[in-house]
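Each remark here refers to the structure printed beneath this line.
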Amino acid sequence: MKKVTIKDELTSFIFLKDLQIYIAEYIPFGSNHIIAFNEQLDCQRNVKEGLMTSFIDKEPEKATFSIAEKLTKVKIIDYDPNDYVQFSASIVYESVENQEEEISTYVDAYGRVIYGAKLIEIDNNSDKFSIDKLTRVISDLILDSSIMINNLLSTYQRRLLDLVYFGTPEYRNKFTIILAKEIEPNKDAKSFNDGEDLENELNQVLSSTTNFHDMRNSDDKFFYGLEGLLIISKTPEKYYELISIIAFYLGLDIFQKNYFNKMFMLWDEIKDGRTYIEQGDIDPNAINRAKSILSKVSAAVVLMNELLYFMKRSVENMNKEWELLDKKDPDIKELINELALNDLVNKAAIRISDAQLVVSGLTEEISGVNGLINSLAEKQMTRMNESLRDSIASMDEMGRSSERTGTAINILEIVLSGAIAFDVLTFLVGDYAFEPLATWIDSGYNILIWVGICLSLFFAIGLGLYKLIKYLEWKSEHNLRAKINIGKSFTNNFNDFLKNKDIIIRESIINDNIIEEYTWDEDDDKWLGNEVRIKLRVDMTNNFILWATVNVDKPKKISTNQISQILLNYLKEEKVITD
């Protein structure tokens, strides 16, 4: 039942009489959902009426419940606890005047949801209704029915609708079926296909009319569009059973289109994730962004898989109802043929199978992207470990440098202490001079000779201190570390080479490749009398020596260049690597 007041002034060309409006959609339902739906409506407790809302009372301990949003007044008409429920719902508005709205609603376990309303009056006119004004009524009904059913659905169902309809399920599109006993102007259906005023008005309620058809065996006619069907018949009740089936398949058709649109959007999001992965080497936050996208898409794919199960079960059950439909009436049979319903019924299951392939492909793509993320994260971790090793080596060098600086400061302290000591001595005993030396200096040019002797003594003492500092620096350099990037494949002699070594540390890193690190000590003559510790990093999957580090404790007459050359010659002599 619908009573509406519209204040706009419109130019109308088509009018309908004795009007019934049905709005159809598909909502994921199952046996358990319909049982919960009936329990929520308190059907089995003989509670015939009640007010419903999706609002949650945040203060249940209080005796008051204040709400500003729309309420749904529900009255139970008929139900089966495990199969369906039929009820009338009145949308309660506190702020809208002169508008009464009562929608008869049918919901079953197949997910078929049909909202029905009989239009009583628009602008105090109950005789015939302009399609221009009817368009606004239908638009209002579509939005209000979404709000109404949302108050009754479970949180899980609302989550599914939110996913498929891109976060705005209240504005989801639905299929509209209009039954009218008369149409003005009373022309052949083909006459309405004029490309101008008449067709444009039909498009307002049918969304691009594609079929204008007159029945061959009666005066009935129908108009079919992308999201609507208008049937003109003196006996519309003969189409009721067919309409209930059409409502399911065409409602499911709209749902599947939105489902596929969401699926393609998920593919685009995965593409964005791959783009972030490609930027992983230059953007430190790229991996986190890719992980966030992957997590969101993975959660969505789980729900998309569950939706496929709901749709598959619904189509299987509705196909049985389709087979039981009485198709003997010539008008029913003609309408089925013109709407290609047989093809629509057959394609419903095929589309679900196709969707399963797309979802499976998306699942595999997620797995592949996840592998790329893990691989890139491992590479970043490896680079981090390498940087950490280099930082440790730098800190070690800084420590030794600090030790050398400390030695120099100690020497400076000794020199300054001696200078202070002589100053103090001079202060206590005064100046004195060796008389023969003073006489010699005062005669002739001997003072120049004396200056030369003093300068020579100054440079000799300075050189001695410099040598002392160098010696102490050498003594403080307690170890020497060299890293050699080898980058060569090893031969079959590698395992025999390791057998002769006393391996003290062995580390393994297993990801895409198996990386091994071997550490051992040596003190052979080839190391010029030094004791060394060698660490060798090897890619065992590709038989490749990556690098080696050689640590020398208290190095004796050996440099990093000599260490590198000795190691490479060593590996060649043992036939571990080739030239």
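Values as computed for the structure displayed
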quantity	calculated
Any hit, segment 527-544, residues being closer than 30 Å to Ser402 by Cβ, touching a residue at least 12 places away in the same chain (Cβ under 8 Å), surrounded by fewer than 17 Cβ atoms within 10 Å (Cβ to Cβ) and among the small types (Gly, Ala, Ser)	yes
Subset of segment 492-515 (residues that are within 15 Å of Asn542 (Cβ to Cβ) and buried (at least 16 other Cβ atoms within 10 Å of the Cβ))	Phe494, Ile515
Tyr276, sole failed condition from (1) over 37 Å from the mean Cα position of the chain (by Cα); (2) not in a strand (DSSP E or B)	(1)
Residues satisfying the stated conditions in segment 153-176, i.e. surrounded by fewer than 21 Cβ atoms within 10 Å (Cβ to Cβ) and outside any helix (DSSP H, G or I)	Ser154, Tyr165, Phe166, Gly167, Thr168, Arg172, Asn173
Residue within segment 550-563 that is in contact with a His (Cβ under 8 Å, 6 or more places away or on another chain) and either among the small types (Gly, Ala, Ser) or loosely packed, with under 14 Cβ neighbours inside 10 Å (or both) present	yes
Residue in segment 129-142 that is at pLDDT 90 or above, of a type in the set (Ser, Thr, Tyr) and assigned to a strand (DSSP E or B) present	yes
Top-ranked residue of segment 317-332 - restricted to ones that are surrounded by fewer than 13 Cβ atoms within 10 Å (Cβ to Cβ) and in a helix (DSSP H, G or I), ranked as farthest from the chain's Cα centre (by Cα)	Pro330
Qualifying residue in segment 509-523 (condition: in a strand (DSSP E or B), of a type in the set (Val, Ile, Thr) and over 23 Å from Lys379 (Cβ atoms))	yes
Which listed residue, of Ser314, Ser298, is buried (at least 21 other Cβ atoms within 10 Å of the Cβ), in the same structural domain as Lys333 (by TED's automatic domain parsing) and in contact (Cβ under 8 Å) with a residue 12 or more places away in the chain	Ser314
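The values are calculated or read from the model by the stated rules, or taken from the named source; none is laboratory data. Source: prediction; values computed, not measured. We place every Cβ from the backbone using ideal geometry, glycine too, and count neighbours over all the protein chains shown.
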